[in-house]
Amino acid sequence: MLNEAKDSPFRVNSCKVNGTKFTKKSLIEKQLNSLFQAKTLKEILEETESICGKLNRLGIFKDLGVNLDVPKSKIVDNENEVDIIINLKEKPRFWARTGTEVGNNEGNLNASLNLRNPFGKGENFEANASYGVDSTTIDRDKEISKLLPIKTQRNSIYKLCYTSPINGNPDRIFETVASQMNMSHSIFSSFNEFSNNLGFKFRKITPFGLNEYGYIASWRQINHIGKNASFSVRSEAGNSFKSSVYHRYIKDTRDDSMLPSRGSLFKFYQELAGLGGDIQFIKHEAESQWNLPLGRGYSLSSSFRGGLLLPLMNSRTRINDRFFIGGPLSVRGFHQYGIGPKDGKDVIGGDTYWATGLSLYAPLPRLANKPIKTHMFINAGSSILLNQKESLSENVNRLIQTPSVSTGFGLAVKFNILRVELNYCLPIAVTKTDDVKKGLQFGVGLSFM
């Protein structure tokens, strides 16, 4: 019956929302404005679905339901009118959470306190504390690694965050973040980094992707220099202040973000530092991935990542702004950040890099519908420090002429919140500074090459 009448002229007589207690009336009204512009039953149903989607994305409601009813009292009798009743419940305003999270080779213990919808317009306050242990199979001390093959570094992050939808639109978000971070890099280099940060972000979600524009003010300190640290690391010790603006774009059409079989991903990031402070650079980074289903559970995946960091005003690049590649999540067959410039045993990062990968995924017998697959892969990448005395072509030649390459096979398993890989890796092209990991390699993370 609804299908027969979907193109018939209809209008909304009234719309009522039940269940709001703390939410401002103006926030709800902004979501409902388009509903009264609908001219057919089909348009009314589409607009109602869109409104419920927006209310749900605000993150302050639950148990949304919609009823359509015939107006009970009308001055003029018109059968082509309908009343909309939206029933919902407000989520608790205050909530706390403790738990563990696993990211890219990192496990975190965290606790957060949240105040939801404090002013009735969809805002959120969050206070978060995180204590992390970053583990890897880097064997910087070969004797110790025989006894302790997995070493760890401890990180801590404290963050205050305020988010607010602009004009009640969940696809237009303003965010303010203040954070303090203490990050240990002792696994691959002889220093720690401490920073105090203040940032402002504006996020806009459209059918064409997500755009984020932001400003970051960051006071950074390179400290806890190791007693055997290289000169390159020692020269970075001390304070710096970065003031920068950035833009991030993401378009993701993959069917699964962690173990995809079809679709594509595009990411672009640009940052300009030098709006005050003593750090001046322009930074570009891009990432892409294409996934092609081959039928019967087989799929082909190709990935590419690349970045460029250019100092401005005769300055130099800093180790905490450079790029680091290599490891089970990027170029397999090498230790974490095991590709690129080094000084002694310290990884010092590159000003430019590229990395690429090609993987063939296949289902396991009797487990074709499970989130576990075998794969064969080939990865390659390179990272260098730019030499200002060399020409552009000379720098490009250094970047592409001696890539680090590996191949191998293994298992990829998707869990609810992460992906796990166990691979056998065979490096087939290396440079003299590479930290090679031949044989079995274990990786845990969210995003793999």
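Out of all the residues in region 384-401, which are in contact (Cβ under 8 Å) with a residue 24 or more places away in the chain and either touching an Asp or Glu at 6+ places or on another chain (Cβ under 6 Å) or surrounded by fewer than 14 Cβ atoms within 10 Å (Cβ to Cβ) (or both)?
Result: 385, 386, 400.
Quick one: residue 269 ticks every box in (1) loosely packed, with under 15 Cβ neighbours inside 10 Å; (2) free of Cβ contacts under 8 Å to residues at least 24 places away in the same chain bar one, so which box is it?
Failed condition: (1).
In a strand (DSSP E or B), farther than 18 Å from residue 180 by Cβ and in the same structural domain as residue 349 (by TED's automatic domain parsing): does that describe residue 270?
Criteria met by residue 270.
Is there a residue in region 324-342 that is free of Cβ contacts under 8 Å to residues at least 40 places away in the same chain, crowded, with 21+ Cβ neighbours inside 10 Å and of a type outside the set (S, T, N, Q)?
no
Is it the case that region 314-337 has a residue that's part of a loop (DSSP other than H, G, I, E, B), β-branched (Val, Ile, Thr) and touching a Pro at 6+ places or on another chain (Cβ under 7 Å)?
Yes, that holds for at least one residue.
Can you pull out the residues in region 30-48 that are among the basic types (Lys, Arg) and farther than 18 Å from residue 88 by Cβ?
39, 42
Kindly indicate the residue of region 280-297 that is loosely packed, with under 15 Cβ neighbours inside 10 Å and modelled with pLDDT of 95 or more and also farthest from residue 258 (Cα to Cα) among those meeting that condition.
Here the answer is 284.
Looking at (1) touching an Asp or Glu at 6+ places or on another chain (Cβ under 7 Å); (2) in a strand (DSSP E or B), find the lone condition where residue 358 falls short.
For residue 358, the failing item is (1).
In region 225-238, is there at least one residue being within 27 Å of the chain's Cα centre (by Cα) and surrounded by 14 or more Cβ atoms within 10 Å (Cβ to Cβ)?
No, because not a single residue in region 225-238 is within 27 Å of the chain's Cα centre (by Cα) and surrounded by 14 or more Cβ atoms within 10 Å (Cβ to Cβ).
For residue 220, indicate whether it is surrounded by 14 or more Cβ atoms within 10 Å (Cβ to Cβ), in the same structural domain as residue 176 (by TED's automatic domain parsing), closer than 23 Å to residue 181 by Cα and of a type in the set (D, E, K, R).
Criteria met by residue 220.
Looking at residue 374 and the list (1) touching a strand residue (DSSP E or B) at 6+ places or on another chain (Cβ under 6 Å); (2) in a loop (DSSP other than H, G, I, E, B); (3) not hydrophobic (A, V, I, L, M, F, W, C), which single condition is not satisfied?
With (1) touching a strand residue (DSSP E or B) at 6+ places or on another chain (Cβ under 6 Å); (2) in a loop (DSSP other than H, G, I, E, B); (3) not hydrophobic (A, V, I, L, M, F, W, C) applied to residue 374, the lone miss is (2).
For a quick check of your reading of the model, give me the residue pairs whose first member lies in region 59-82 and is exposed (fewer than 12 other Cβ atoms within 10 Å of the Cβ), whose second is in a strand (DSSP E or B) and at pLDDT 80 or above, with beta-carbon atoms closer than 6 Å and at least 6 apart or on different chains.
Here the result reads 63/89; 67/85, each pair linking region 59-82 to a residue that is in a strand (DSSP E or B) and at pLDDT 80 or above.
The values are calculated or read from the model by the stated rules, or taken from the named source; none is laboratory data. Here the structure is a predicted model, which is why all the values come from computation and not from measurement. With ideal geometry, Cβ positions are generated from the backbone for all residues, glycine too; neighbour counts draw on all protein chains shown.
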